[in-house]
Structures are given as structure tokens and as C-alpha cells.
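The values are calculated or read from the model by the stated rules, or taken from the named source; none is laboratory data. Here the structure is a predicted model, which means the values were calculated and not measured. Cβ placement follows ideal geometry from the backbone for every residue including glycine, while neighbour counts extend to all protein chains displayed.
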Amino acid sequence: MNDIKINRREFLRNLGVAGMGVLAATSPWLSAFSEVRDTQKERCRLGIIGPGSRGQFLMSFIAQNPKAEIVAIADVYDPSIEAAKKIAPDAKVYRDYRALLADKDVEAVVVATPLNTHYDIVMDAFDAGKHVYCEKTIGYTMEQCFNMYNRHLETGLLFFSGQQRLFDPRYIKAMDLIHNGTFGKISHVEAYWNRNGDWRRDVPSPELERFINWRLYRESSRGLMSELGCHQLQIGTWALGKLPDRVMGHGGITYWKDGREVHDNVHCIFGYDSGESINYGSVISNKFYGLEEKIMGNLGTVEPEASKYYFEEIAPAPAFIQMLNKWENELFDELPFAGTSWAPETANVNKGEYILGERSTIDGTSLLTEAFVEAVITGRQPERIAEEGYYASLLCLWGFDAIERGEILPFPEQYQIDYAPYGTRRQTIVS
Ligand SMILES: NC(=O)c1ccc[n+]([C@@H]2O[C@H](COP(=O)([O-])OP(=O)(O)OC[C@H]3O[C@@H](n4cnc5c(N)ncnc54)[C@H](O)[C@@H]3O)[C@@H](O)[C@H]2O)c1
């Protein structure tokens, strides 16, 4: 009868643990589900601001949740309103988000508008006493993110961001294994998100170009860093358990020279005083290597996106590979110009193991929205969820600045918040 509950049960089963307690150390935000109230009488009343592509995707999960009601939507674009009304036909419609915020029926809002609009909408929502789920990247600048996070602390209102990997079973299980030392000392995270496409949306009339393709223009977007990097940098710090000390970067428009203003390839190296590093790269004119975070320890490697891990020490290569190597080595030993040094490394026959027994298809987005609904009902902010979202946003914007300035930038200490896993150097509440 209740798909959402079944999902949660399946989620736990997939993680292979008896309960959430086991994972509390590495993924404490799962406390969102620790005291789920079972009554169907309690429903939270949500407003959706900006039900475009992502907003409709979020609505599709929320609309199935018996504990949630989408009471209002606000958008400035008719086609988005029409599409959203198909998902939530009874929702009130506002053209101005401020009217939705003034609506007493709305307890909490989901903000899925373009990046440059998040700040005003979220700050106004807090001022209006609404709990907030804001899509990543939360702010257009690091200062905005800092102010948004602090307003959440000041008001005591809930603050979630769209970091769905926090609720993805592949990542949760991988991080548990990583933090238990299964793969040894993690020295490096290699994260990339490659596509082959222009990243454009169809525009019904030319004057809507900047509005529809907001991702491609500087006034509204931080490009690949804010749109893709935000997700993967959070995985890097989650795996390493600490924040980097410096970043350097490079970016360019190398292929899609079509009037866009944001880079079509970006690369950043985030370095740690203790030696570790996170490389982040995104190219949108080649999709061969796709999307992955390779988390590399001295005992093994994890690829959460593929739901796989690989130990360094693997069983001997299959007999035929050994035979082939022997044959090739013997042949080339006869020749003066070739030795055996080029013989294939055994690593290339390491097919690894699945993190969850098989390739997982659960998307953390459904559980993230479910966690938000639970939090609105209970009024409890799950541990560390705002902070992970905050730092994910900070890192991608800091990397963006390094690319723009062409400099090695130290960690922006003025934006450090009080978050024990990543240090407690300072905390400032802005006025
Ligand atoms: N978590 C994820 O994996 C994920 C995936 C895609 C997008 N996103 C994020 O979601 C957000 C939206 O992305 P999208 O792809 O849905 O964009 P979109 O352009 O498809 O949708 C944005 C919607 O906001 C509306 N809008 C714009 N300005 C507004 C305003 N002032 N008031 C009300 N409505 C307004 C637009 O009309 C549109 O309907 C972005 O922050 C993006 O980074 C997150």
C-alpha cells in the first residue's frame, strides 16, 4: 500500500545492516529515518518554487508520499506551471514566489530555480518561517552560502540541499567500508563527469535564450563546477573525512563555441597539507569515461557510481592470461629490443566486486525527499545534512574561483563553519 515504506525497507536490506545505528558515524543524516512516525494523519504541506526539470522530478516523488501534500507551486514560466499542475492538480498557483511564502498553508518549500535566484528565495523563505529544501548549488557565491547556512542556524528552521548521494545506498555502504579501513589509507580521489552534448535546452523564442539556458551564462551559473562538481566534491570530502587546504584550477571553452559564457571543460586539483588530493574534471565534448569517483586506498579502490570495489591484491590471473603472458614473454625474450617489462599488469583482469551484491539502481533522490518530509513532520533537522550541503557548495564555488583567477587559492577560512568532522576552527553568525 505504501511504496515509500517499501523503499525504505529495501534500502536497509540493500545496505546489509540491521539498522541505521551501524552507519551513524559516517552517514549521521540517516537519523532522519530513525524515529519515523507511522501515522498517516500527519502530513506536511509543501510549496514548490521553480517546478522546472528538477522541480518536477522532485515533485514526482513527493506526490507519491502519503505524508506529503503539494499545496502550492510558484513559477514565472507558464509551461513549467502547466507541467507541474499535471503532477499536483490541486496545488494553488502563484507567479511570484513571495505570494507562496505568504501562504499560511505552506509549511516548507522546495526551491528548484536557477542558481542565481536561490539566495533571495531561500533568505525570504527563512524570514517567512518556512523550512527549506534548496537544490544544489545552494548559493551563487561562497558568501551567499555562508549567509544562508547561518540564517538556518539563527532561525532553527530546517535546511536541506539537493545532495542526493547522501541517501544513495551505494555511497553509504562504500563510505562505511572506506571509514572502517577496508581499503587502507585513502590518498587520492579522482572524480570526473564527462558528457558529449552541448548542454542546451530548446528555446521556443530567442528572447528566452538566457532564461531557459541559464546554465550557460555567467550571470546565472557557475557552469560545470556548480552544476556537476558540487555532487562529486562532496564525495571526495566524505571519503577523506576532511577539507582540502588549497585548490588550483583550469577551464576553457574548447569545443562548444556557440556563444556560451561558461567553460565546457574544467579541472581542479584540491590539495591537503597532509598530502592527499582530490582531482575534479568535467568535459562535455567526450563521454568515453563517463561519470565516476575513484576513491583510491593502498589496499583497494572504490567506484561508487559503478557500485564496485577492487582490492589491490587479487587472485592470480586466469590460466589463459598467464599462458598468454608466458608465450609473449618467451617470444620477446628471443628478441634483443624487447624484454618482459611491458607484460600486462594483473590489475587489468581485476573485475572487482559489487558494493551491494549487484548493480544498484536506487536513486538517492526519492529517499532525500522522503527524509525532508519526515523532518518537516518531526521538526528535527537530521544531523550534518545542512553542513554536507554547505561544504559541497563551498568547494565547487572555491574551485570555480581558482579557475577564474588562475591562482592557487588557500581554503577560505572566513567561510569555515563549526562542523566537527571537517574541523571547528571558527564559527561566525552573521547579522
Ligand atoms: N540534484 C540534482 O541532481 C540536480 C539535477 C538537476 C538540477 N538541479 C538543480 O535544480 C535547479 C533547477 O535546475 P533545472 O534543471 O530544474 O532548471 P529549469 O530551468 O528546468 O527549471 C527552473 C525553473 O525555475 C523557474 N524560475 C526561474 N526563476 C524563477 C523565479 N524567480 N521564481 C519562480 N520560478 C522561477 C523557471 O521558470 C523554471 O521552471 C538548479 O539549481 C540545478 O542545479 C539539481
Open item on the list: If I go through the range 378-413 residue by residue, how many of them are at pLDDT 95 or above and assigned to a helix (DSSP H, G or I)?
Closed with: 21
Task: In the range 205-241, the residues that are outside any helix (DSSP H, G or I) and without any contact (Cβ under 8 Å) to a residue 60 or more places away in the chain - done: Ser205, Asn213, Tyr217, Arg218
TODO: Answer yes or no: is there a residue in the range 314-329 that is part of a helix (DSSP H, G or I) and modelled with pLDDT of 85 or more.
DONE: no
TODO: May I ask you to list the residues in the range 154-181 that are touching an Asp or Glu at 6+ places or on another chain (Cβ under 9 Å) and surrounded by fewer than 22 Cβ atoms within 10 Å (Cβ to Cβ)?
DONE: Thr155, Gln164
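Does Arg195 satisfy the criteria of being under 25 Å from Asp78 (Cα atoms) and assigned by TED's automatic domain parsing to the domain that holds Glu404?
Values: under 25 Å from Asp78 (Cα atoms): no; assigned by TED's automatic domain parsing to the domain that holds Glu404: yes.
In short, no.
Restricting attention to helices (runs of 4 or more DSSP H) lying wholly within the range 49-157, give those where 2 or more residues are in contact (Cβ under 8 Å) with a residue 24 or more places away in the chain and more than 9 Å from the ligand (Cβ to nearest atom). Steps first, answer last, please.
Working: elements: 53-62, 78-87, 97-101, 118-127, 142-155.
Of the helices (runs of 4 or more DSSP H) lying wholly inside the range 49-157, those with at least 2 residues that are in contact (Cβ under 8 Å) with a residue 24 or more places away in the chain and more than 9 Å from the ligand (Cβ to nearest atom) span 53-62, 97-101, 118-127, 142-155.
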Open item on the list: Give me the residue from the range 179-227 that is within 16 Å of the ligand (Cβ to nearest atom) and acidic (Asp, Glu) and, out of that set, farthest from Ser27 (Cα to Cα).
Closed with: Glu207
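I need a count of the residues in the range 28-54 that are of a type in the set (Ser, Thr, Tyr) and modelled with pLDDT of 90 or more. It would help to see each step written out before you state the result.
Our first condition is that a residue be of a type in the set (Ser, Thr, Tyr); within the range 28-54, this holds for 31, 34, 39, 53.
Next, from what is left, pick out any that are modelled with pLDDT of 90 or more: 53.
Total meeting the criteria: 1.
Could we say that Arg359 is charged (D, E, K, R) and modelled with pLDDT under 90 here?
Details: charged (D, E, K, R): yes; modelled with pLDDT under 90: yes.
Yes: the conditions hold for Arg359.
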Task: Every residue from the range 182-219 that is surrounded by fewer than 17 Cβ atoms within 10 Å (Cβ to Cβ) and among the small types (Gly, Ala, Ser) - done: Gly184, Ser187, Gly197, Ser205
